[in-house]
Each structure stands twice: as structure tokens, then as C-alpha cells.
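J.: I have a structure I would like to understand better, so I am pasting it below and will then ask my questions one at a time.
Here, each number is a calculation from the coordinates, and none is a lab measurement. Just so we're clear, the structure is a prediction, and the values are computed from it rather than from any experiment. Note that each Cβ is placed from the backbone with ideal geometry, even for glycine, and that neighbours are counted across all protein chains shown.
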Amino acid sequence: MTVLSARPVRVTASAARPGAFLPVLLISTFMTAIDAFIVNVALPAMQRDLDAGPAALEWVVAGYVLAVAAGLITGGRLGDRYGRRQVFGIGVALFTAASVLCGLAPTVGVLIGARVLQGLAAALLMPQVLAIVRTSVAPAEQPKAIARYGLTMGLGAVFGQLIGGLLIRADLFGLDWRLCFLINLPIGVAALALLRRVPESRHPATRLDLAGVVLVSAALVALVLPLVEGREQGWPVWTWLSLAAAVLLFALFAATQRRRAQPLVDLTLFRERAFSVGLVATQVFWMGQASFFLVLALYLQVERGLSALESGVVFIAIGAGYLATSTYAHRIAARLGRQVVSVGALVMAVGLYGMWQAAGHGTGWLVPGLAVDGIGMGIALAPLTTTVLSRINPRHTGAAAGVLATVNQTGNAVGVALIGIVFYRAADLTGGFRAGLVALIVLELALAAIIQLLPRR
């Protein structure tokens, strides 16, 4: 891997063959996608092995989330300036090393530090994936490539819990929960070995706005930290002060960006309706994903008494539905245009209603609703991602991809916070599950309505 430099490199879309390099991007995407979910399964075993308290375990999760959210925009801009392949490779190498450190961590403190390093590495590599697709794949091939990206993201999220349960059950070499992190070693090594297949592109005239980096990172931490920690701590005063500080910091960031000749995020991006409205739609979409996986896992494991592995098997239903449609979503989008996302949202709403009807009955009654929800998710995800980035100038692709990935992360955090409040306020877990499903149905209907504000083409 070469060191960072600003030497210009130009790659035309016709020179890049997606079949040669897309698998490298996708296996790395899958590695980061499952890592956000797989850790939830491993927490009880970590607690026993490392003698960790509840607060420390919370930071095993929160440290990763905060680092990812705070670093994504900066990571995208670094790729624009220094080379998207180069920054992607550095991210993969750091993520792999941090995963090994997690797997070998002797104390919970070391584990938390390694998780933060993992998050920073993920923030480097994640924005580069979409940026490389947008700059190095011919326009006609981009919807198919992004559909495969969406498939990978969805499968990582859906099957993270199942994969974690299988790894812990296997307990190879007595590694127990540590295998959930060490499994990233062969994946990362394979991605690095094939890195040369990935085309390079950069815009060396781009400068890194260090003041902007500090402001936006502080703003994102001030936003995400209370969302992650607030419910567990009963929403103390500091959480509200932090949210207020986030608003002020974002306002200050926007004011400084307007005065910069080369801002970290060019605010003129938001004048493009496909980008600005698409980001709002993306926020709403992801608010419904992590929160749904949370309430479903709690319902299955606490109320229905399933183990982590057994509940992971139930998730296969949503994964099957997602797999059935996500690979063909770009073809459906070619026919329906922007309404493909609305159709996906409405299908998800139907699936959620089916689960609402099945709640309180046998676990098997949930399967049809889960499958329908997965079908809708597969229809909506990739076309929504394509829409957000469809009209972005290549010079700003990395920054735009960083903003998009940040919205994904903050959407997850906001959704978990809001749906968690609804879930835990119910009299029992079945009631909480049903109340959460109602809130999620409202989100899907809101998504279908927001899509109507997008450009028609």
C-alpha cells in the first residue's frame, strides 16, 4: 500500500470492469455491516469472560457507533483528496488490525479502545465504496452495482445475529465470543490481497478543512452520544444539553462552510433536490431498520424465550425476502422510477402489520410478515441509495457518500432511541413489540410520502 499523496490519478468509467473489483468492495462492506450487529450476541459472554459491568458493555457498543458517525464525512473527503482506493485500503487494514485487537483483548478497557479504532477504520473505508462505484463504474452499470451493495448491507444487518450465534456455538479452539472479531482477519487479508484490482481516482485540488473536521465530528458526537446512552440512563440533564449543543455546533459548522473556498462539505450539494430529499428519506428508512431488529430480538429472546442462535434462525425469513428482491431492485426501479421506494415502503408496512397480528401467538406466525418485510426492504434500499448520489459532481462524490453514510448511522441511532421509548413504556413485552410495530408502520408511510418530493426522473 502506498503512502498518502496528492498525485492526480484519472480513471475513466469505461476502463474499470466492475466484475474485477466489486467483490473486493462488497466483502469489506459485509465485514463492517455484520460487525455493528454481531457484537450484541456476544455481550453476555464478554461480561462473563472479562468481568465487565453494564456500563462497560454499553461502551463496547457505543464506542464503535460514535467513532463511525463522527468520522464518516471526514473519511469521504480524505478519499476525494488522497485517493479513494488508497484510503479504502488503509481503512480495511486498520479495521482488520483492530478486529484482531478486539479478539485478543485481555480487559474490557482494551476492548473498548479497539472498538473505537474499529469504528474510525470503518469511517475511512465505508464512504469509499459508493464513491468508487460512482466514479469508476459506467453509468449504465451503476444501478446493478449499487443493488449488489444494498444486498450486501442488508444481508450483513439481517444475518449478523445468526452468524454471531453460530460462531459462539461453534466455540472453535475455545475462542468463544472472540471468534466474532477474529473472523474478520481472513476477510480483511483477502480484501487487501485483491486491492490492486480496485481502480484509483482522486481530486488532488481538494483541501481538507481541519476546522470543519473538528466541528462536524464534535457535532455528531454531541448528537449520537445521548441517543445511544440516553434511554439506559433515564435521559438525565446532560443528554438534553448535549442535543442542544449538537444543534449549535451544526449551525456553526454550516456557517463556517459557507465561508470556505474548499469546504469539508459543499453546502451547494443540498440545493440538488435528489440529494437533500433523498437524505431525509434515507434517515427515515434507517430509523426503521436497527430499531426493528432491536425490538424483534428482545421479543424473541426475552418474551418467547429463544436463544440468540434460535432467534437468529428466525431472522432467516426476512433475509430470504430481502434476497429475493434486492438483486432485481434496479430493474423494478427502471420501470417505476422514484415510486419503487414508495412501493418498498408500503410492502414493509404490510409485513409489519402482519407481525402485529401475529404477536402473542407462536413464533412461526411471524414468518410470513418477516418475509414480506424483507421483500419491501429489498425493493427500497438500493434504489434509494442510487437516487441520493445520482446527480452529484464526481469531485464531491466522497464527501456526498460520507454524508449519506453518516445519515445511515444517525438514522439508526435516532430510530433505536425513539422506538426504544415506545417499546419499554408498554405494560409487557408483547405490548411493547406491538407498539413498536405501529410506530414503524408510521415511519414506512412517512417514507412513502417523502418520496413524492423527489424529482420524477
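J.: Which of the peptides 310-319, 209-218 is most tightly packed, and how do the rest follow, going by the mean number of other Cβ atoms within 10 Å of each residue? Before the final figure, lay out the partial values.
T.: Numbers: 310-319: 21.0, 209-218: 18.3.
Going from most to least packed, we get 310-319, 209-218.
J.: Cut-off is 10 Å between beta-carbons; in what order do I187, I451 appear when sorted fewest neighbours first?
T.: Least crowded to most crowded, the residues run I187, I451.
J.: So what's the Cα pair-distance distribution over segment 14-208, bin width 10 Å, in %?
T.: Taking all Cα pairs of segment 14-208, the binned fractions are 10, 36, 34, 16, 5, 0 percent.
J.: Then there's this: In whole Å, what are the extents of segment 268-363 along the principal axes defined by its C-alpha atoms, from largest to smallest?
T.: Rounded to whole Å, the extents work out to 50, 28, 24 Å.
J.: Roughly speaking, what is the stretch gain from T256 to H361, that is 0.36 nm per residue apart minus the C-alpha to C-alpha distance, in nm to one decimal?
T.: Working: separation 105, 0.36 × 105 = 37.80 nm, distance 5.52 nm.
Working it through step by step, the gained length comes to 32.3 nm.
J.: Rank these for me by crowding, L172, L208, going from fewest to most other beta carbons within 10 Å.
T.: L172, L208
J.: Sticking with this one: What do you get for Rg/Rh of the chain when both radii come from the Cα atoms and Rh is the Kirkwood radius?
T.: 0.94
J.: Tell me the relative contact order for the chain as a rounded percent, counting alpha carbon contacts under 8 Å between residues six or more apart.
T.: On the way: 845 pairs, mean separation 104.7, N = 457.
Once normalised by length, the contact order is 23 percent.
J.: If you scale each eigenvalue of the Cα gyration tensor by 5 and take the root, what three semi-axes come out for segment 212-258, rounded to whole angstrom and sorted largest first?
T.: Values: eigenvalues 107, 17, 6 Å².
Equivalent ellipsoid of segment 212-258: 23, 9, 5 Å, largest first.
J.: Along the charge dipole of the chain, pointing to its positive end and built from +1/-1 on Cβ of Lys, Arg, Asp and Glu, which listed residue (V416, L172, V265) has its Cα farthest out?
T.: The residue sitting farthest along the positive end of the dipole is V265.
J.: Turning to a different aspect of this structure: Could you give the DSSP H helices of the chain that reach 24 angstrom or more along their long axis (alpha carbon positions) and whose average Kyte-Doolittle hydropathy is no lower than -0.5? Mind showing how you got there, number by number?
T.: Working: long enough: 18-50 (45 Å, 1.22); 54-82 (41 Å, 0.81); 84-104 (30 Å, 1.28); 108-136 (41 Å, 1.50); 142-170 (39 Å, 0.78); 210-229 (28 Å, 2.44); 237-259 (34 Å, 1.19); 339-358 (29 Å, 1.33); 367-389 (34 Å, 1.47); 397-424 (40 Å, 1.26); 429-450 (31 Å, 1.91).
Passing helices, by number: 18-50, 54-82, 84-104, 108-136, 142-170, 210-229, 237-259, 339-358, 367-389, 397-424, 429-450.
J.: Which residue, chosen from Y64, L26, A42, occupies the Cα position most advanced towards the positive end of the dipole of segment 23-90, where the dipole is computed from +1 (Lys, Arg) and -1 (Asp, Glu) charges on Cβ about the Cα centre?
T.: Result: L26, furthest along the dipole toward the positive end.
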